[in-house]
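Worksheet for the structure shown next.
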Amino acid sequence: MSFRRVIIALLCVAGLAVVLDFGVAAYSEYRVSRLLREGSHLSADPEVTFHGFPFVAQAFDGAYKNIDIRARSERPDIPGEIMVEANLRGVHLGFGNLVDGNVRKVPVDKAEARMRIEPTELGRLFKIPDLQVFGPPADKSDGSGGSGGTGATTQGAIILTGTLPLSPVADAVTLTTGVKDKGRVVSVLADLRLDGDQVRITATDIYYGNEASPAAVGPDAEKPVRISDEDKAGVLARFTRTIDTKDLPFGIRPMKVEASGGQIVVEGTGKDITIDLDRLNQP
């Protein structure tokens, strides 16, 4: 056999090994996805990704280096769906147990879990459909010169912007006349904090600045409306909410909250723990 044929044969074997490895990984991802969906009563299969090559070696050892999980979850206290995510490092699970699906509790060296509440769900929660979350006026870390772009990652002080009715009777006017009050854009400064298992968003003051308010972007954009002293308390109340995290995926306790990319993100970490595959989604 010529040297060239040997090389071709070796390449074919290597190619088959890679295809086999990816095939086994894809099957394992499917099995874990099904286990998570059935155990946590999800409406759709979660996205599961096994990292690391070769995967077959990890499967034989029953020790997986890095697994990412993403799923959309419904919560009775948050309208719509939220995104739940988990990154698992050092997962100890025999391949046989994975195939037959008899295992529910899995030892993990480190688990990072998070919950993301996106702008649409935040708007429904606050009953302000166009609600947006922005960074503080002094935050220039996103390279926008303090424009408050949604790419900024912040915690503590944030800016909330949304459209409120012109007056307390606006909703009644809509019901009686059929003419909907388009309202006016309002921006507020708010404090974002994690208090135990609860996320507290507390509006502290009306915000009129231009540099961080989306209402002031563009030549035709509407400026934030001026709020009278007698209406101030009511407006701040509209932008104030408490969200119960109900633990994060796999029962991990929340440790940090931040505003990132227009979302409210709650995160937590656990080390040397045993996760329950039925607890990806906390009802």
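Take the residues of the range 28-47 that are under 21 Å from residue 75 (Cβ atoms) and buried (at least 16 other Cβ atoms within 10 Å of the Cβ): which is modelled with the highest pLDDT?
Step one: list which residues in the range 28-47 are under 21 Å from residue 75 (Cβ atoms), which gives 33, 36-47.
Keeping just the survivors that are buried (at least 16 other Cβ atoms within 10 Å of the Cβ) gives 33, 36-37, 39-40, 42, 46.
Numbers: 33: 82, 36: 81, 37: 78, 39: 70, 40: 70, 42: 74, 46: 86.
So, considering only residues that are under 21 Å from residue 75 (Cβ atoms) and buried (at least 16 other Cβ atoms within 10 Å of the Cβ), the one modelled with the highest pLDDT is 46.
Criterion applied to 59, 63, 25, 71 was being closer than 24 Å to residue 255 by Cα and surrounded by 14 or more Cβ atoms within 10 Å (Cβ to Cβ), and the one residue passing it is 71.
Inspect all residues belonging to the range 86-102 and state whether any of them is touching a residue at least 24 places away in the same chain (Cβ under 8 Å) and under 21 Å from residue 260 (Cα atoms). Yes, the conditions are met somewhere in the range 86-102. Kindly indicate whether any position in the range 45-64 is in contact with a Leu (Cβ under 7 Å, 6 or more places away or on another chain), part of a helix (DSSP H, G or I) and closer than 19 Å to residue 102 by Cα. Within the range 45-64 (the criterion being in contact with a Leu (Cβ under 7 Å, 6 or more places away or on another chain), part of a helix (DSSP H, G or I) and closer than 19 Å to residue 102 by Cα), the answer is no, since none of the residues qualifies.
Where strands (runs of 3 or more DSSP E) fall wholly inside the range 223-283, the ranges with 1 or more residues that are open to solvent by less than 30 Å² (accessible area, probe 1.4 Å) and closer than 13 Å to residue 86 by Cα are 263-276.
Scanning the range 254-283 for residues that are touching an Asp or Glu at 6+ places or on another chain (Cβ under 7 Å) and at pLDDT below 90 turns up 263, 282.
Summed over the range 96-147, residues that are hydrophobic (A, V, I, L, M, F, W, C), assigned to a loop (DSSP other than H, G, I, E, B) and either at pLDDT below 70 or open to solvent by less than 10 Å² (accessible area, probe 1.4 Å) (or both) total 3.
The values are calculated or read from the model by the stated rules, or taken from the named source; none is laboratory data. Everything quoted here is computed from the prediction, not taken from an experiment. In this analysis, Cβ positions are derived from the backbone assuming ideal geometry, glycine residues included, and neighbour counts consider all displayed protein chains. Please note that ligands, DNA and RNA were not included when accessible areas were found on the heavy atoms of the full protein model with its side chains. Shrake-Rupley method; radii C 1.70, N 1.55, O 1.52, S 1.80 Å.
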